[in-house]
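One structure is given below, encoded as structure tokens.
The values are calculated or read from the model by the stated rules, or taken from the named source; none is laboratory data. What you see is a predicted model, and the numbers here were worked out from it, not measured in a lab. Glycine also receives a Cβ, built like all others from the backbone with ideal geometry; neighbour counts cover every protein chain displayed. Ligands, DNA and RNA are stripped out before the accessible areas are found, and what is left, the full protein with its side chains, is counted by its heavy atoms. Shrake-Rupley method; radii C 1.70, N 1.55, O 1.52, S 1.80 Å.
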Amino acid sequence: MAKEEGRRYWKLQQLTERDASLGKKAKRLNALRHGTFTCEACGFANADATMFDAHHPTPLMIGIRTTIAEHLDILCPTCHRTAHRTPDRLKPVPLHELKRWCADGRR
């Protein structure tokens, strides 16, 4: 089945401000702690920092607050997507539950 794609359109949306330097610092701290960049849920490790996401356990959608790099979890993309697959977008899966999910074979 073929579908037409690629049409361009304008979209108005509200964005949430993020400070990229926090994620970079959190990744550096993670690499210092583990010896290389490592997912804090499943243990996947790689020397390429771009293979990992800095996850806000308290979503930015909640509103303005002060964040420090130590507040962020470093997760691989699979664990990060799983953390946000909850019915309530304001309550992501906690790190200890992600670790259990990984230990159980990611089912």
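Table for the structure above
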quantity	calculated
Count - residues of the stretch 18-53 that are more than 18 Å from R89 (Cβ to Cβ) and not in a helix (DSSP H, G or I)	16
Pick from the stretch 26-38, criterion among the small types (G, A, S) and free of Cβ contacts under 8 Å to residues at least 24 places away in the same chain, ranking: surrounded by the fewest Cβ atoms within 10 Å (Cβ to Cβ)	G35
Which numbered condition P77 misses (of (1) open to solvent by 50 Å² or more (accessible area, probe 1.4 Å); (2) out of contact with any strand residue (DSSP E or B) (no Cβ under 8 Å at 6 or more places or on another chain))	(2)
Single unsatisfied condition, H71 versus (1) closer than 11 Å to G23 by Cα; (2) buried (at least 20 other Cβ atoms within 10 Å of the Cβ)	(2)
Residues of the stretch 57-107 classified as assigned to a loop (DSSP other than H, G, I, E, B), among the charged types (D, E, K, R) and within 16 Å of A41 (Cβ to Cβ), total	4
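Here's the yes/no breakdown for (1) among the charged types (D, E, K, R); (2) in contact (Cβ under 8 Å) with a residue 40 or more places away in the chain; (3) surrounded by 15 or more Cβ atoms within 10 Å (Cβ to Cβ):
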{"position": "K24", "(1), (2), (3)": "yes, no, no"}
{"position": "T50", "(1), (2), (3)": "no, no, no"}
{"position": "H55", "(1), (2), (3)": "no, no, yes"}
{"position": "V93", "(1), (2), (3)": "no, no, yes"}
{"position": "K99", "(1), (2), (3)": "yes, yes, yes"}
